[in-house]
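Worksheet: the structure to be examined is printed underneath.
Throughout, read-outs are computed from the coordinates displayed, never taken from laboratory work. It should be emphasised that the depicted structure is a prediction, and the values quoted were computed from it without experimental measurement. Reconstructed Cβ throughout: ideal geometry from the backbone, glycine too, with neighbour counts over all protein chains shown.
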Amino acid sequence: MSVPSSPDRRSRRLTELRAGMSVLTSAAADLGVGSQTDVRVLPDGRLWLDELDMAVSAADVYQAARGLVAAQLDAIAQVTGRPVEDHALAWLVTLQTNEVMVGLQDAAAADHAVDEAVDDAVDDAVDDAA
């Protein structure tokens, strides 16, 4: 027997769907399809989505993004005939590789900053001694 959704649950789901639409249209605009819309952070931490004239929580946006990614993974699996797991794992490996690369770049930048600071300190000490 199916239990009808509560009004709060339906309202939350509708908010998540609207947030998902906003994420999708913003991503499309980033790729040159459509126009960028304004998203502002409100004092209470929620996001104001101008095109929908509504505020959403971080949880709403997370759930919306999660739903979009799940739909994308499912569509890719259906088109390729391969299980979702294959695509999810490949995508995860790519993201983890990107994470490592960013970490290496950050470490290199930190090393460079330390080298610059040491060089500056040595130069200052030499100048002071002269």
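Could you tell me which of Leu49, Leu92, Leu104 has its Cα farthest along the dipole of the chain towards the positive end, charges placed at Cβ (Lys, Arg +1; Asp, Glu -1), taken about the Cα centre?
Leu49
Kindly give the semi-axes, whole Å and largest first, of the ellipsoid equivalent to the chain, taking each as the square root of 5 times a Cα gyration tensor eigenvalue.
One finds semi-axes of 45, 24, 15 Å for the chain.
When only alpha-carbon atoms count, how far does the range 1-66 stretch along each of its three principal axes, as whole angstroms with the largest first?
The Cα atoms of the range 1-66 stretch 46, 28, 19 Å along their principal axes.
Please determine, in degrees from 0 to 90 and to the nearest 10, the orientation of helix 58-80 with respect to the longest principal axis defined by the Cα atoms of the chain, where the helix direction is its Cα long axis.
80
List the equivalent ellipsoid semi-axes of the range 83-130 in whole Å, largest first, each obtained as the square root of 5λ for an eigenvalue λ of the Cα gyration tensor.
46, 4, 4
Report, to the nearest 10°, how far helix 84-129 tilts away from the longest principal axis of the Cα atoms in the chain, using its own Cα long axis and a range of 0 to 90°.
Approximately 20 degrees, to the nearest ten.
Enter the mean projected area of the convex hull around the alpha-carbon atoms of the range 41-96, in nm², rounded to one decimal.
For the range 41-96, averaging the hull's shadow over all directions gives 5.3 nm².
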